[in-house]
Structures are given as structure tokens and as C-alpha cells.
1. Condition (residue is assigned to a helix (DSSP H, G or I), under 21 Å from ARG173 (Cβ atoms) and touching a Phe, Trp or Tyr at 6+ places or on another chain (Cβ under 6 Å)) applied to region 94-111: is it met by at least one residue?
2. Let me spell it out: the conditions are (1) in contact with a helix residue (DSSP H, G or I) (Cβ under 6 Å, 6 or more places away or on another chain); (2) within 12 Å of the ligand (Cβ to nearest atom), and ALA19 meets all of them except one. Which number is the exception?
3. Condition test on LEU50, is it more than 18 Å from the chain's Cα centre (by Cα) and either of a type outside the set (Gly, Ala, Ser) or at positive phi (or both)?
4. Within region 139-175, how many residues are within 30 Å of LEU61 (Cβ to Cβ) and assigned to a loop (DSSP other than H, G, I, E, B)?
5. Going through region 81-126 one residue at a time, which ones are among the aliphatic types (A, V, I, L, M) and free of Cβ contacts under 8 Å to residues at least 40 places away in the same chain?
6. Which numbered condition in (1) surrounded by 12 or more Cβ atoms within 10 Å (Cβ to Cβ); (2) more than 23 Å from GLY35 (Cβ to Cβ) is the only one that LEU184 fails?
7. Out of everything in region 73-90 that is closer than 23 Å to LEU194 by Cα and not in a loop (DSSP other than H, G, I, E, B), what residue ends up being farthest from the ligand (Cβ to nearest atom)?
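Taken together, the values in this text are just the output of simple stated rules run on the coordinates, not laboratory data. No experiment lies behind these values; they were computed from the predicted model shown. Cβ sites come from the backbone with ideal geometry, for glycine too, and all protein chains shown count toward neighbours.
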Amino acid sequence: MERTIMVLIGAPGSGKGTASKRLKKDLGLLHVSTGDVLRENVKNGTELGLKAKSYMDAGGLVPDEVIIGMVKELLELPEASKGVIFDGFPRTISQAEALDTMLAEKGVEVTAALNIEVPFEEIEKRMANRRTCSSCGSIYSLDFNPPTVEGKCDCNGDLIQREDEKPEVVKGRLATYKAQSAPLVDYYGNAGNLYQDSAGDIVGKTTHQVVDEFQEFLKSK
Ligand code: AMP
């Protein structure tokens, strides 16, 4: 069977994680969030984590060669044999080119890229309200999904604001996105496999609606 490779682009906080979880459930593909893999490495104090931490805390990008090496290994996992949903990768044109090369060596291509656009002011508001459990990783939103007990997860772990979700860092991450990742929209647009949509409260569309429409697009390919 042909391997399915999905690429989710879009600014941090645009709903890529939610879209990936839906696609993973519907299509049974491996979900690779490079941000999650990096955070896990930072938590476990691995060599990769030590290399990545300062870039992540500052809201910048981890160097391409570090990310590309990491993705190369992930592509070899047996769980990746049916296909992969990349969430937050590629984030630069050179990462996109490296992915194309890695896939070409296996006789595969990117099947489709999904870009979810959410207005930046809405992303800043969302991130400011987001809290993460330091124990189990559950995510709460102070406005639409608040914890039952202030500052505590249902598992009793402490809720924290991630370093890179603090307002000043978010501004930097959005600027990084605009400068380094937004050109990916044209990259995949020119390759003819881009599905482009908008979501968010201001736009009036949820990530799930975007995913439904994206799946229709996939069927039409
Ligand atoms: P995310 O959770 O996807 O927003 O990623 C969190 C942080 O990890 C980013 O702000 C970057 O510092 C780093 N990161 C994740 N994916 C990549 C990537 N593909 N290239 C470079 N840095 C990345």
C-alpha cells in the first residue's frame, strides 16, 4: 500500500495538535509532533534535549540539522510504515526540501499539506489562557475548559504555564513563524498538494470542521 504522508503547517496555537489527533484516529497513521518529541527529550535531559532547550525557551527554531536527523530516525519506525502525520514539521523551506529527499529515497511523496490559518490576536489570547499539567500533560483553558480546582489538574498534578506560552515568548514564536514557516504555504501550494483553510472564533469555524473538509479534499485527490 502507498504510504500516506501528511504535513500540518500553521502557526503555533492554530490547532495543528487537535487536527493531528483527529486525523490519526480517522486514518490510523503515526502522529509525529516534533515539538512533543523535543519536549520529551528536554524532560528526560537527553543530549538532544540539551541542544534544543535554549532555542525552545526563547521561542526560536531548533537548528535544521538537529530536526532533520531526528525525523530521519522517526521515519524508520515500524509504526511509520503505513504513513505519518507531521505536526509542526517542516518549519523551514530547508526542512521541507530535506523531507522531500528522505521520502524520495523511499519512493514516496508528501500526500497533502494542511494549513490552518488563525488570526494572530486570537492565538495570543488562547496561549495566554492555556495551562498544562506538569504531571500528565493534560491541557486546560482558563476560559472554556477551566480546572475544577484552581491550579490543579484532575490527576492532582500542578498546572503550569509553559515557558514558551508566556505572552512575550508567544509574540516571538509568531514572528518566527511569519519569517521562517509562512513561506511553506507557497512551497506546498506550488507543489499542488496544499489544502488551505481558516479557523478560530473570529472566523467562526472549528478545527474539526476544517478537518472534515480536508478529508473531503483527500478523497478527491
Ligand atoms: P511546537 O509545540 O510544535 O510549537 O514546538 C515547540 C518548539 O519546539 C518550537 O517553538 C521550536 O523551538 C521547537 N520545534 C518544534 N518543531 C520544530 C521544527 N520542525 N523545527 C525547528 N524547531 C522546532
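1. Of all residues in region 94-111, those assigned to a helix (DSSP H, G or I) come to 94-104.
Among the residues that remain, those that are also under 21 Å from ARG173 (Cβ atoms) are: 94-96.
Within this subset, residues satisfying the condition of being touching a Phe, Trp or Tyr at 6+ places or on another chain (Cβ under 6 Å) are 96.
Among the residues of region 94-111, at least one is assigned to a helix (DSSP H, G or I), under 21 Å from ARG173 (Cβ atoms) and touching a Phe, Trp or Tyr at 6+ places or on another chain (Cβ under 6 Å), which makes the answer yes.
2. (2)
3. Values: more than 18 Å from the chain's Cα centre (by Cα): yes; either of a type outside the set (Gly, Ala, Ser) or at positive phi (or both): yes.
Spelling it out, LEU50 is indeed more than 18 Å from the chain's Cα centre (by Cα) and either of a type outside the set (Gly, Ala, Ser) or at positive phi (or both).
4. Here is the first cut: in region 139-175, the residues within 30 Å of LEU61 (Cβ to Cβ) are 139-145, 153, 157-175.
Okay, now just the ones that are also assigned to a loop (DSSP other than H, G, I, E, B), so 142-144, 153, 157, 161-162, 166.
Going through region 139-175 one residue at a time, the tally reaches 8.
5. Taking region 81-126 first, the residues among the aliphatic types (A, V, I, L, M) are 84-85, 93, 96, 98-99, 102-104, 108, 110, 112-114, 116, 118, 123.
Hits for region 81-126 are ALA98, MET102, ALA104.
6. That leaves (2) as the condition not met.
7. GLY83
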